[in-house]
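Step one of this worksheet: look at the structure below.
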């Protein structure tokens, strides 16, 4: 492997690990299978990650860095206004099949591991704080622009919105027979819109 | 020791308590039937006679945990006079302890891949949402709540509790539990379109 490819090799390994965690669960992921999927040797995997635990932790981190840098940054960045940005943000927080669903499975795996292993809580808490800041910023932009009515406590509203998104998203992810992702989205819109003084339908409009 | 099916009713709670402990510590994947057998002093074959898999043990351990929760909940609800007070009691009971959260997280992650556990999760969730909905319906009938769609309000309250419990589990549960309760209460007021009885009049913090 050429030197200049090293960054992409590491990334390929992390992507492969994320795919396998999402497909099979974190406890069943083996280094050899990650290597095979990434088209790398096990020796190369060990070159970047000294232990299986390190690989798995880095894979989860990688997943959330990708979410933070690409998806979260995108959400609303090019939206025509704060309402459209919020609609996009809500959509990005729910487990649509595809990349979002994969990220969700990783997120649930991280919850589980953090609940069991206190050592992982700082990592999980910091990812959660990033998620919170991002969503709060989306809301704040709308308030600052005069597009949203200012809620009493933006921080608390963000907490409740995230909790609702997580609780509903989890059920959608598990294919709850009584609700799906669109129902989750409508529920979140009905919750948020009156508190921001906007029409819930505006949060359900398809992004342009 | 020669465990027999006839003492199932005695052994069963011990086995399920041991399973809950071991699974919470090591996760379903890291748990062996033999570990649970050792913890409760039953032979592995006897354990396998009653519970044919780890997934089955997890589902039964959660059922036992759930039944205990509803017993406590019923007692707390009996003490509450109005639907508003019952809703506050329900939210307080549900947000008081994060001890068993790891076990419920196991259910959520394994339900992604195991049809039996997925069905179990749906049963637990249906029971929980029905319990919430019953109070919402009473509150609407009594004119205390104005929720237009009680099943949706129950779903939203259940979702809020799960989402916040996950947030709490990521931090220090001792610090976050009162915040979880306050946040759920505030959210519930919005879903119910009602003011809940003053929280100051409620129970002292656990």
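Values in this text are rule-based calculations from the coordinates and carry no lab data. All of these numbers come straight from a predicted model, not from anything done at the bench. Quick reminder, even Gly has a Cβ in these numbers, built from the backbone with ideal geometry, and neighbours come from all protein chains shown.
Direction-averaged projected area, Cα convex hull, segment A:76-147: 5.3 nm², rounded to one decimal. Estimated from helices alone, the mean residue ellipticity of chain B at 222 nm is -25500 deg cm²/dmol (sum of -39500 (n - 2.57) over DSSP H runs with n ≥ 4, per residue). Computed over every Cα-Cα pair of chain B and binned at 5 Å starting from 0, the pair-distance distribution P(r) comes out as 1, 7, 14, 17, 17, 14, 11, 8, 6, 3, 1, 0 percent. With a/c under 1.5 counting as rounded, go ahead and sort chain A into rounded, prolate or oblate using the C-alpha gyration tensor (a ≥ b ≥ c being the square roots of the eigenvalues; past the cut-off, prolate if a/b is larger than b/c, else oblate). Because a/c hits 1.5 or more and a/b exceeds b/c, chain A counts as prolate. Per Stokes-Einstein, at 37 °C and 0.692 mPa s, what whole-number D in µm² s⁻¹ belongs to segment A:105-197, with the Kirkwood radius over Cα pairs as the hydrodynamic radius? Rounded to a whole number, D works out at 224 µm²/s. Answer rounded, prolate or oblate for the protein assembly as shown, using the Cα gyration tensor with square roots of eigenvalues a ≥ b ≥ c: rounded when a/c is under 1.5, else prolate when a/b is larger than b/c, else oblate. Oblate is the answer for the protein assembly as shown, as a/c is 1.5 or above yet b/c matches or exceeds a/b.
In plain terms, the residue of A:63, A:126 with the fewest other Cβ atoms within 10 Å comes first and the most crowded comes last, giving A:126, A:63.
The shape of segment B:87-141 comes out oblate: with a ≥ b ≥ c from the C-alpha gyration tensor, a/c is at least 1.5 while a/b does not beat b/c. Ordered by the number of other Cβ atoms lying within 10 Å of each residue's own Cβ, fewest first, A:119, A:159 fall into the sequence A:119, A:159. When A:198, B:23 are sorted by how many other C-beta atoms sit within 10 angstrom of their C-beta, beginning with the fewest, the order is A:198, B:23.
When the helices of chain A are scored as -39500 (n - 2.57) per DSSP H run of n ≥ 4 and the total is divided over every residue, the value at 222 nm lands at -22000 deg cm²/dmol.
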